[in-house]
Amino acid sequence: MSTEPMSGAEIILKALVDQGVEVIFGYPGGAVLPIYDALFKQNALRHILVRQEGGAVHSAEGYARSTGKVGVVLVTSGPGATNAVTGLTDALMDSVPIVCLTGQVPTHLIGNDAFQEADTTGITRPCTKHNYLVKHVNDLARVLHEAFYVAKSGRPGPVVVDLPKDVQFATGPYTPPAEIQHRSYKPQTKADSRRIEQMVELMAKAKRPLFYCGGGVVNSGPEAAQRLTELVRLTGYPCTLTLMGLGAFPASDPLFLGMVGMHGTYEANLAMHDCDLMINVGARFDDRVTGKLAAFSPGSKKIHVDIDPSSINKNVRVDLAVVGDCSSVLADLLKAWKAKKPKVDERAIAQWWKQIDGWRKRNCLAYEKTDKVIKPQYALERLYALTRGRELFVTTEVGQHQMWAAQFLKFEKPNHWMTSGGLGTMGYGLPAAIGVQLAHPEALVVDVAGEASILMNIQEMSTAVQYRLPVKIFILNNQWMGMVRQWQELIHGGRYSESYTASLPDFVKLAEAFGAVGLRASQAGEVDDVIREMIKVDRPVIVDVCVDQTENCFPMIPSGAAHNEMLLGPADKAEKPTSEEGMVLV
Amino acid sequence: MSDSKRHTIAVLVDNEPGVLARVIGLFSGRGYNIESLTVAEVDAAARQSRITIVTSGTPMVIEQIKAQLDRLVPVHRVSDLTMVGPHVERELALIKVRGTGEKRVESLRIADIFRARAIDSTIDSFVFEMTGSPDKINAFIKLMEPLGLIEVSRTGVVAIARGSQPI
């Protein structure tokens, strides 16, 4: 049932509207002018003009991850598309649903090295879940609807649709979205019921069980996190989350052990190492979590629930693989557990908790309390304390501040924590915060940043000011690329090669130059005041928190080390030099 | 790796632009081996092509290769013929040999034993065509070396499972 013929550009916008899109993040250019012309003539879609295409993709990621919807990007050919590549890779690594429309030179010029031509489908093939080059207007509507389906179904990811300019001008039919039965792409969302039963059996007889859950639970939707919470509480088993999973289980729950991994808590990592049953729901045994693979949780049976079969047995061989969508699997599991009412070994579980509580007493996130300098951990503790009770969304850049934010900010709900976990993209946080704020205009959105990362996409301040998005950029400014400096200190003999940034801008004046508000805290006593002021101001704010320059992020599992070889503080480092094998790892 | 094993994998894909690049990019991007790869359309009406890949790896790597292939959007089916049971593998080779006199006669004689056909001939050369398992072709090429082997062109392996069922 096609409607009267429309131009390709009109078909594109109609398809977006029919897919429920409200906001697109983009930047115009020669090869997308017909689409921008069509945008000009309509009111259904809101276009947010970013300042660089990389910002557009991260904004769309922030929008997508805080809403569960597909984030949409519109950029021009050539440099527009190549600037989007980092964001696309980021979205692929963290499974964020994105549809990125790229302009392309007219079909007859493709391959001729035309002005602003790039082989966009070639370049983006390894950094997208799928991509399309639409060579005929008759395919346009179908491909666009399919792109949304591929982006959001199964394991979500970025999809590029490359749109030659002549196709945007050509006239063709529009077909509305329909139930898609893809020819070859059919992700499995419902798990095999026998595997659910096996899972219940394994869980029932565990003596030292541990839930290890990740971003897959968040991606699966809010009901997945509710079901996980119900299941964990029903069993009374401990639960740890990955960086991407924070918020999937309430941080305030006594069953929560904190984050796992390289900078995770002592109790979470030792529980990973010593458990006899690891119940992995929606996590992918990333190297930042496993540490040394040969010594990873040597005594445990492992269950892995994942929607992507290629995640199973990739890094760690598991004993029971359950392919399915986390939400669906957790629903089945809850039902099966309740029906069976298994008798768990309560004595063993109590003993396990006793052991865990012993690790907890180590208080691994403790830091030196002082009023001489601002400790970055202190600044984040105060940020958390002074924002409690508010609808708070946090994005981060990448580095020490990101890890401290993961350790010290507590999330009760999913979709409130947006960070670049897989790719580790400096410059992610500010544009992501813009996307989050657009989706949640009334909420408090804070980008926890470092002074180095923030400069990577600082141009997006201009976007925030233009659209009056009151994002708060909370810079933990130590004048160093902190995580680089930390590794150089611990692993490279204190040779601080190029990790110090001279000639940093005055961030207060920089904020003012953009038309935003700049605040600074230089002493511990000023921290509360600037945070209160930052919350009060209804405009974009940069807060420059001048923190201790030498503080390192602990606990830390050095690369190449096992979970039970973690460094808990500065005193630990001398005794345990990093192995040669570990040094070559990133 | 000591437990690395050779596997022949058949992949049914939509015959659309870029599909081969997706498969090859997957192998190069993730560091998997390709010993040979053949591709051609096998169902014009459904616009489907069949890719036959011969690769090697540990069981964990082979499992990854199959899962990663299956994850590509235009891939319909991935079948590990080495695992599913008995199957036949064939390869076509064209082999150019130059020689005169006794060597020329000897090359013809060996070609006859291997059931290779001479499909081109000049006064001092032959082009032989032969099909067979890769091992058989390797053996024939080895024998042609001292007799004046000039050039070889091979298709790589195509394979199909025995019995009445499709993959």
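The values are calculated or read from the model by the stated rules, or taken from the named source; none is laboratory data. Every value quoted in this text rests on a predicted model; they were computed, and no experiment measured them. Every residue, glycine as well, gets a Cβ built from its backbone with ideal geometry; the counts of neighbours run over all protein chains shown. Ligands, DNA and RNA are excluded from the accessible area calculation, which covers all protein heavy atoms including side chains. Shrake-Rupley method; radii C 1.70, N 1.55, O 1.52, S 1.80 Å.
Assuming 0.692 mPa s and 37 °C, estimate D for the stretch B:5-84 with Stokes-Einstein, Rh taken as the Kirkwood radius over Cα pairs, in µm²/s. Approximately 262 µm²/s, per Stokes-Einstein.
Over all projection directions, the Cα-based convex hull of the stretch A:193-360 averages an area of 8.3 nm².
Each of A:289, A:250, A:279 was scored by the projection of its Cα onto the charge dipole of the stretch A:250-293, and the greatest displacement toward the positive side belongs to A:289; charges sit on the C-beta of Lys, Arg, Asp and Glu. Close amide H pairs (under 5 Å, H built 1.01 Å from N) link residue B:125 with B:99, residues at least 5 positions away or on another chain.
For residue A:448, the solvent-accessible surface with a 1.4 Å probe is about 0 Å², rounded to the nearest 10. Based on the Kirkwood approach, the hydrodynamic radius assigned to the stretch A:123-184 is 12.5 Å, with every pair of different Cα atoms included.
Available extension along the chain between residue A:198 and residue A:49 is 48.5 nm, counting 0.36 nm per residue and deducting the alpha carbon span. Counting only lysines at least 8 places from residue A:341 when in the same chain, those with an alpha carbon closer than 27 Å to its own are A:190, A:205, A:207, A:301, A:302, A:354. Once the C-beta distance of residue A:338 and residue A:253 is scaled by a Förster radius of 25 Å, the resulting FRET efficiency is 0.80 to the nearest 0.05.
In percent, how large is the relative contact order of chain B, given Cα pairs closer than 8 Å and 6 or more residues apart?
26 percent
When A:500, A:428, A:149 are compared by accessible surface with a 1.4 Å probe, the order from highest to lowest is A:500, A:149, A:428. Between residue A:537 and residue A:294, the simple spin-label model (points 7 angstrom out along Cα→Cβ) gives 5.4 nm.
Assign unit charges at the C-beta atoms only (+1 for Lys and Arg, -1 for Asp and Glu), then state the dipole size of the stretch A:203-295 relative to its Cα centre in Debye, rounded to the nearest 20.
Approximately 180 debye in magnitude.
A 1.4 Å probe run over the stretch A:6-172, with the rest of the protein chains in place, finds 33 Å² accessible per residue.
Can you compute the FRET efficiency between residue A:183 and residue A:467 using 1/(1 + (r/R0)^6), with r the Cβ-Cβ distance and R0 = 30 Å? Round to the nearest 0.05. Computed FRET efficiency for residue A:183 and residue A:467: 0.15. Accessible area per residue for the stretch A:193-360 is 37 Å², calculated with a 1.4 Å probe on protein heavy atoms, without ligands, DNA or RNA.
Model label sites at residue B:129 and residue A:40, defined 7 Å from Cα along the beta-carbon direction, differ in position by 6.2 nm. Among residues other than residue A:446 whose Cβ falls under 11 Å from its Cβ, what is the net charge (Lys/Arg +1, Asp/Glu -1)? Net charge in that neighbourhood comes out at +1.
Calculated from the alpha-carbon coordinates, the stretch A:278-322 shows an Rg and a Dmax of 9.6, 26 Å respectively.
Show me you know the interface measure: the accessible area buried between B and A, both chains summed, probe 1.4 Å, in Å² to the nearest 100.
Summing both sides, the interface buries roughly 1500 Å².
Calculated on C-alpha atoms, the gyration radius of the stretch B:78-150 divided by its Kirkwood radius gives an Rg/Rh of 1.12. With the Kirkwood sum run over all distinct C-alpha pairs, chain B has a hydrodynamic radius of 17.7 Å. Short to long, the 5 Å bins of the Cα pair-distance histogram for the stretch A:6-172 hold 2, 10, 21, 25, 23, 13, 5, 1, 0 percent of all pairs. Roughly what % of Cα-Cα distances in the stretch A:259-351 sit above 17 Å, to the whole percent? Tail of P(r) above 17 Å: 56 percent of Cα pairs. Rounded to the nearest 10 square angstrom, residue A:546 shows an accessible area of 40 square angstrom against a 1.4 Å probe.
For the full complex of protein chains and a 1.4 angstrom probe, list A:332, A:113 by accessible area with the highest value first. Mind showing how you got there, number by number?
Numbers: A:332 35, A:113 140 Å².
I get A:113, A:332, largest accessible area first.
With a cut-off of 13 Å on the backbone N, the residues of the stretch B:139-167 near the modelled label site 7 Å out from residue B:96 along Cα-Cβ are B:149-154. The Cα center of the stretch A:527-586 and the Cα center of the stretch A:61-107 differ in position by 30 Å. With bins 10 Å wide beginning at 0, the percent of Cα pairs of the stretch A:376-546 falling in each bin runs 11, 42, 37, 10, 1. Normalised Debye scattering of the stretch A:69-118 at q = 0.18, 0.24 Å⁻¹ gives log10 I(q)/I(0) of -0.60, -0.85, counting only Cα atoms as equal scatterers and leaving out solvent.
Restriction of the GluC sites (Glu not before Pro) in the stretch A:498-586 to DSSP coil positions whose beta-carbon has at most 13 other beta-carbons within 10 angstrom yields A:498. Please compare each pair in A:335/A:413; A:69/A:165; A:41/A:509; A:186/B:136 to a cut-off of 32 Å on the Cα-Cα distance and tell me which ones are over it. Where the Cα-Cα span goes over 32 Å, the pairs concerned are A:41/A:509; A:186/B:136. Taking every protein chain into account, the 1.4 Å probe leaves residue A:171 with about 90 Å² of accessible area, to the nearest ten.
Within a 10 angstrom radius of each residue's Cβ in A:129-136, how many Cβ atoms of other chains show up on average? Whole number is fine.
Per-residue shielding by partner chains comes out at 2.
On a per residue basis, the convex hull of the C-alpha atoms belonging to the protein assembly as shown measures out at 203 Å³.
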